[in-house]
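Below is the structure I would like to discuss, written out as structure tokens.
Coordinate-derived values only; no laboratory data. In this text the structure is predicted, and so the values were computed from the model without any measurement. Glycine also receives a Cβ, built like all others from the backbone with ideal geometry; neighbour counts cover every protein chain displayed.
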Amino acid sequence: MSAITDLTAAQLAASIVAGETSAVEATQAYLDAIAARDGEIQAFNETYPDRALDRAKQLDADRAAGKQIGPLGGVPVAVKDNLCTTYGRTTCASKYLADFRAPYTATAVAKLQAAGAVVLGKANMDEFAMGSSTENSGMHATKNPWDTGRVPGGSSGGSAAAVAGRLCAAALGSDTGGSIRQPAAFCGVVGCKPTYGRVSRYGLVAFGSSLDQIGPLTRDVKDAALLTNVIAGHDPADSTSLPNSVPDYLAQLDEPIKNLRIGLPTEFFPDSAEALSPDTRAAIGKAIDAYKAMDADIVEVSLPHSRIDVAADGAISSFAVSAYYIVCTAECSSNLARFDSVHYGHRTKDAVDDIVTMYSRSRAESLGEEVKRRVMLGTYALSSGYYDAYYNKALKVRRLIADDFKSAFRKCDVILCPTTPTPAFRFGEKTANPIEMYMADIYTISLNLAGLPGLSLPVRLSESGLPIGMQLIGPILREEILFRAARMYETTNPANLVPPMVMT
């Protein structure tokens with residue numbers, strides 16, 4: 001690992017402004033890292049070395065001329081492959097969009113670029129963001145830098161693996177039910193899902209439009225606050241973008257919150273190894289003790305409609321998971337209906353006599369099994385005779401979940417819980433049972449249903465040497481509390497997790 005790739009995004013930006021290093025040197029260092037390690041990790045679907053170096057040269061020239069190059073000036077980043085850019089391809093890791101080139105750039109990416117960031121490439125993901133392990137990618141399986149026999153999480157697995165593997169200084173992901181936070185936990189990095197509507201979704205290929213949110217994956221909490229500063233804010237191009245002003249998340253970041261009240265949801269700590277591994281339980285317990293040592297008040301709260309139930313045979317269930325997989329599949333069915341193989345996308349080469357056959361063959365050939373499963377589930381839930389029984393009922397449960405969080409936040413400032421039930425699992429371990437795979441997001445899904453901000457940060461390694469993440473949940477539009485509470489822990493209990501493959 002070079003000295004440059006050892007720096008956080010904030011440290012690297014400061015070093016470039018001070019003239020201690022250059023944007024070209026930083027970009028080349030990461031391109032070298034990609035050449036050395038991405039053949040094993042496979043975090044990227046494509047990279048733009050020439051474009052990145054040209055951008056870096058321009059930034060260096062601007063700095064030499066006395067121009068401001070932005071808070072991320074010269075910092076090399078990756079973006080998830082469902083964020084549109086006018087350069088390169090936007091594939092959503094799907095064979096259907098294997099050659100798609102977007103006519104515009106996503107607002108979040110445009111804001112990164114305006115802040116001086118250098119985009120290295122597009123990071124791999126579960127196809128159309130549907131998955132929890134990146135095993136559903138139509139391109140290749142991304143490996144976890146901590147153990148290449150294990151998944152990096154999903155759906156933003158490529159972004160998390162790229163940050164953990166020191167292949168970029170920071171990355172953007174998208175989170176529909178935990179797709180930033182879960183891979184952040186598995187890969188030992190920080191991942192933040194802002195409040196729904198805090199970051200523009202314009203240019204994000206939609207999966208679940210009422211659930212999707214773009215956010216950062218970074219080395220530490222300061223970098224997460226820095227990137228959120230850059231990408232947050234109202235966007236008239238997105239009708240769901242919130243008009244609220246955005247505070248400076250860095251302004252009070254290093255000021256501890258006095259009398260911080262931390263809520264522990266009783267329903268999130270079931271007495272079952274299936275729902276919460278002993279390693280994870282112990283790690284979260286030590287994190288709670290660390291907050292107590294900082295004079296935080298630990299209070300018990302209840303989230304009854306997010307309750308995690310474990311049957312006698314070990315099967316796990318949750319109202320939140322049930323509601324989520326009706327809402328998200330219904331929205332998935334609606335959003336993916338636009339992919340008709342007429343205007344763009346894969347079209348079957350078999351000659352057909354009618355357009356319906358052309359549609360069905362083209363989609364059957366190019367969409368993966370998980371995407372097909374979710375489209376069919378969502379179409380069924382929205383069909384005549386079942387809409388009220390499934391979709392409307394799920395919306396009612398969603399409202400109850402949101403109300404539970406509102407009640408809980410009357411007693412506390414933030415809620416603390418595990419990010420995932422276990423550390424990263426092995427490839428193929430859960431693919432045979434989709435329900436078991438869905439339960440990997442059991443601690444993250446309810447936030448998307450309620451529109452809340454959440455942040456995962458690494459707390460320690462398991463006995464087998466895998467990262468364990470802690471999740472902090474905040475009230476709507478209170479990201480600054482999340483960042484400050486997370487920073488309190490990070491500065492007093494630094495994890496400093498670096499995968500062994502990076503250190504060799």
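Divide, for the stretch 333-488, the radius of gyration over alpha carbons by 2.2 N^0.38 Å, where N is the residue count. Please report the intermediate quantities before stating the final value.
Numbers: Rg = 20.8 Å, N = 156, 2.2 N^0.38 = 15.0 Å.
Relative to the rule-of-thumb radius for its length, the stretch 333-488 sits at 1.39.
Next up: Find which of Val109, Thr47, Ala283 sits farthest along the positive direction of the dipole of the chain, computed with +1 on the beta-carbon of Lys and Arg, -1 on that of Asp and Glu, about the Cα centre.
Most positive-ward Cα: Val109.
Give, rounded to the nearest 20 debye, the magnitude of the charge dipole that the stretch 148-218 has about its Cα centre when Lys and Arg contribute +1 at Cβ and Asp and Glu contribute -1 at Cβ.
The dipole magnitude comes to about 100 debye.
In addition: Positive end of the charge dipole of the stretch 316-398 (Lys, Arg +1 and Asp, Glu -1 on Cβ, about the Cα centre): tell me which of Ser384, Val356, Ser317 has its Cα farthest that way.
Projecting each Cα onto the dipole axis, the largest value belongs to Ser317.
Among Met139, Ala206, Phe186, whose Cα lies farthest out toward the positive end of the dipole of the stretch 113-216, if unit charges sit on the beta carbon of Lys, Arg (+1) and Asp, Glu (-1)?
Sorting the options by dipole projection puts first Phe186.
Given 5 Å bins starting at zero, what is the percent of C-alpha pairs of the stretch 438-491 in each, up to the one with the largest pair distance?
Cα pair-distance distribution for the stretch 438-491, in percent: 4, 18, 24, 22, 19, 10, 3, 0.
Quick one: if you stick a label point 7 Å off each Cα along the C-beta vector at Lys258 and Ala282, how many nm between them?
In this crude spin-label approximation the distance works out to 3.8 nm.
Cross-link list Lys258/Lys411; Lys349/Lys430; Lys143/Lys396: which exceed 27 angstrom alpha carbon to alpha carbon?
Distance filter (> 27 Å) returns Lys349/Lys430; Lys143/Lys396.
Something else now. Label Val299 and Asp271 with points 7 Å out from Cα along Cα→Cβ: what is the distance between them in nm?
Each label point is offset 7 Å from its Cα along the Cβ direction, giving 2.6 nm.
Longer than 21 Å from Cα to Cα, which of Lys193/Lys406; Lys286/Lys406; Lys193/Lys286 are they? Say none if no pair is.
Too far apart for the 21 Å limit: Lys286/Lys406; Lys193/Lys286.
Using a 10 Å cut-off on Cβ atoms, rank the peptides 466-475, 391-400, 324-333 from the highest mean neighbour count down.
466-475, 324-333, 391-400
Pull up the cross-link candidates among the lysines for Lys57, meaning alpha carbon to alpha carbon under 19 Å and not fewer than 8 places away within one chain.
Answer for Lys57, where 19 Å is the Cα cut-off: Lys67, listed by chain and number.
A further question on this structure: Averaging over every viewing direction, what projected area does the convex hull of the Cα atoms of the stretch 1-91 cover, in nm²?
Seen from a random direction, the Cα hull of the stretch 1-91 projects 6.2 nm² on average.
Rule-of-thumb check for the stretch 104-262: C-alpha Rg over 2.2 N^0.38 Å?
1.02
Computed over the Cα atoms of the stretch 316-398, what is the ratio Rg over Rh, Rh following Kirkwood?
1.08
Still on this structure, I have one more. Pop the C-beta distance of Glu20 and Arg338 into the FRET formula with R0 = 41 Å and round what comes out to the nearest 0.05. All intermediate terms of the calculation are to be shown ahead of the outcome.
Numbers: r = 48 Å, r/R0 = 1.17.
Efficiency, from the Cβ-Cβ distance: 0.30.
For a quick protection proxy, order the peptides 41-50, 261-270, 68-77, 94-103 by their average other-Cβ count within 10 Å, most packed first.
Top to bottom by mean Cβ count within 10 Å: 68-77, 41-50, 261-270, 94-103.
Right, another one. Using the Cα centre of the stretch 316-398 as the reference point, and only Cβ charges (+1 on K/R, -1 on D/E), how large is the resulting charge dipole? Debye, rounded to the nearest 20.
Dipole magnitude for the stretch 316-398 comes out near 300 debye.
Go ahead and estimate [θ] at 222 nm for the chain from helices alone: -39,500 (n - 2.57) per DSSP H run with n ≥ 4, summed, over the residue count, rounded to 500.
-11000 deg cm²/dmol
In Å, what Kirkwood hydrodynamic radius results for the stretch 221-371 from the alpha-carbon pair distances?
21.2
For the stretch 240-305, compute the orientation-averaged projected area of the C-alpha convex hull (one quarter of its surface), in nm².
7.5
Mean projection of the alpha-carbon convex hull of the stretch 393-435 over all orientations, in nm²? Write out the running numbers ahead of the final one.
Numbers: hull surface 19.4 nm².
If I average the Cα hull's projected area over directions, I get 4.9 nm².
Percent antiparallel among DSSP beta bridges with both residues in the chain, to the nearest 5? The partial results should precede the final answer.
On the way: 31 of 46 bridges.
Here the share of antiparallel DSSP bridges comes out near 65 percent.
Relative to the Cα centre, what is the charge dipole magnitude of the chain, using +1 at the beta carbon of each Lys and Arg, -1 at the beta carbon of each Asp and Glu, and rounding to the nearest 20 debye?
620
At each listed q (0.17, 0.18 Å⁻¹), what is the log10 of I(q)/I(0) that the Debye formula gives for the stretch 102-161 modelled as equal alpha-carbon point scatterers?
Taking Cα atoms of the stretch 102-161 as identical point scatterers yields -0.63, -0.68.
Arrange the peptides 444-453, 173-182 so that the one whose residues have, on average, the most other Cβ atoms within 10 Å appears first.
173-182, 444-453
Calculate the spin-label point distance for Lys372 paired with Asp289, positioning each point 7 Å from the Cα along the beta-carbon direction, and give it in nanometres.
5.1
Over the residues of the chain, compute the C-alpha Rg and express it relative to 2.2 N^0.38 Å.
0.92
Less than 19 Å from a label point 7 Å out along the Cα-to-Cβ axis of Ala312: which backbone N atoms in the stretch 232-275 qualify, by residue?
271-275
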